[in-house]
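Heads up: the structure comes next, in structure tokens.
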Amino acid sequence: MTPPLGGGGPESGRPTRDGGGRSRAEYNGAVRLLDRFSGFSRNARLLLATSFCVGLSMAVTMLYLNFYLQSLGLTQQFIGMANAVPQAILVIVGLPAGRLIDRYGPRLGLLAGMAAAGLGALGVALSSSPGMLLAFAGLQGVGAAFGFISGAPFLMANSGERERVALFSAYAAVQTGTAFLGSLAGGRLPGLFGLLLDTPAESVAPLRATMLAAALLWALAAVPIALTRRSPHSGEHDGHAGAAVTESRRAGFISRPELVMRLLLPIFLISLGAGQTIPFLNLYISGKFGIGFGSIGLFFALGALGTTVATLAQPVLAARFGKIQSVLIVQIASIPFLVILGFVPVFWLVALSFIVRNALMNMGNPVFQAFAQEQIPAGERATYSSLSAIFWSLGWAGGSVFSGWWRAQVGFELGFATLFGSMTFFYLVAIGLTYLFFVQRPLPGRATPP
């Protein structure tokens, strides 16, 4: 989530680079891409270190949370609810969190997010009762709200126009790259703990130890952020208290509601589709092809590796075609592979399609975030980021709850088949709306440059 760089404000009458042509500076910047990566500020590099720890933790959690809950004897409906609760809590606290972050800065928001998410992850790892599990999952949702909402405004406050898209892409690539490492190494953790505890890897104790390892990584993630300094961009919030009252806060809640709704509607539709299948891909792959933990870990690791490589290449596409156009290109290209993933009963094809779809669908996310933040006034960026998190979480939580209920009603095969079909439909509608909103009929003007 970030603002634009140079060029027409709301009254300039000049088109944005992304709605029409592309600037020569961006095009030539593709040649100097490596130089942009090397120009990141100290604060930006420290955030990338935090992202490294968070990515490892999230990879291990995504890989084993569902299996851990299954080992406790909990139902598919409960597992669906447990996946939805952090997103639902984020919906509740997201907007107040965004307003607090706009006031006190994203650095404090990131620190609060790391602390809450770490405590929530520790509680999930140590709990067995359904009520406590949901409560700690909710605390993780609070942490996710502050952490997710603070990330993009922090990147904005610690980057200039020249390196911004590269920084957003690197931020996403570090998370997916560590997802590769986390999935690869995490695929061995239950087996290792099982040997140490002399118990099967699928039992509660090894899976609980694995979840404790994921919780420890959240504590490590707070260290780099605590070492950050005042932002070099003094006109923006830098994470230190005492920020000036902004024009947007005086004006009201959000100054360009039509633009914000155009940005949020595709996000909601994609999350609604993704929430029905993505949190349960480990169960889908294991149940459909009967592969073990180690192979599932490798499966997710390769998907993360493909996404990492693709994300680092996305700034070149953005420079060549424009931000929104480059996002649409990769999203459209992902659809055939999504269909193969959900409907073809051949493992190697499913594995290949998972890697390619994962890379294509996710590589455009940081570029869309950069584009969105460039359209939003500086004092509203965390508020917009909170709205984005809320809309994403509403879709994800709704999709997750529905998925658990639906699969319990109709069974594994029909359940996942219909859910993949629904996911494809929502993705296509979201892609169509993005094209309509920002390519065919783009809104005039954008936020004042930082």
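Students sometimes get this wrong: rank Lys288, Lys323 by accessible area, probe 1.4 Å, all chains present, largest first.
Lys288, Lys323
First check a/c for the range 58-152, with a ≥ b ≥ c the square roots of the eigenvalues of its C-alpha gyration tensor; if it is under 1.5, answer rounded, and if not, answer prolate when a/b is larger than b/c or oblate otherwise.
prolate
Where a ≥ b ≥ c are the square roots of the eigenvalues of the C-alpha gyration tensor, would you call the range 297-340 rounded, which needs a/c under 1.5, or, failing that, prolate if a/b is larger than b/c, or oblate?
It is oblate, given that a/c is not under 1.5 and a/b is not larger than b/c.
So for each of 412-418, 332-338, 113-119 I average, over its residues, the number of other beta carbons within 10 Å; can you give me the resulting order with the highest mean first?
Ranking, from highest mean packing down: 113-119, 332-338, 412-418.
Leaving out ligands, DNA and RNA, and with a 1.4 Å probe, what % of the accessible surface on the range 82-136 is carbon or sulfur?
After summing per-atom areas, the C and S share lands at 76 percent.
Could you check the spin-label model distance between Val223 and Ser129? Points 7 Å from the Cα along Cα→Cβ, value in nm.
A separation of 3.5 nm, rounded to one decimal place.
Tally up the carbon and sulfur contribution to the accessible surface of the range 283-340 as a whole percent, 1.4 Å probe, everything protein left in place.
77 percent
Starting from the Cα-Cα distance between Arg45 and Leu212, subtract it from 0.36 nm times their residue separation and give me the gain in nm to one decimal.
So the chain would gain 57.4 nm between Arg45 and Leu212.
Using packing as a proxy for protection, rank 420-426, 355-361 so that the peptide with the highest average count of other Cβ atoms within 10 Å comes first.
Order by mean packing, descending: 355-361, 420-426.
With all protein chains present and a 1.4 Å probe, how do Arg107, Arg320 order by accessible area, largest first?
Correct descending sequence by accessible area is Arg320, Arg107.
Whenever you get a sec, line up Trp218, Trp406 from highest to lowest accessible area (probe 1.4 Å, protein heavy atoms).
Per-residue accessible area, sorted high to low, gives Trp406, Trp218.
The values are calculated or read from the model by the stated rules, or taken from the named source; none is laboratory data. Quantities reported herein were computed from a predicted structural model and do not represent experimental measurements. In this analysis, Cβ positions are derived from the backbone assuming ideal geometry, glycine residues included, and neighbour counts consider all displayed protein chains. The protein model used for the area step is the full one, side chains on, heavy atoms only, and it has no ligands, DNA or RNA in it. Shrake-Rupley method; radii C 1.70, N 1.55, O 1.52, S 1.80 Å.
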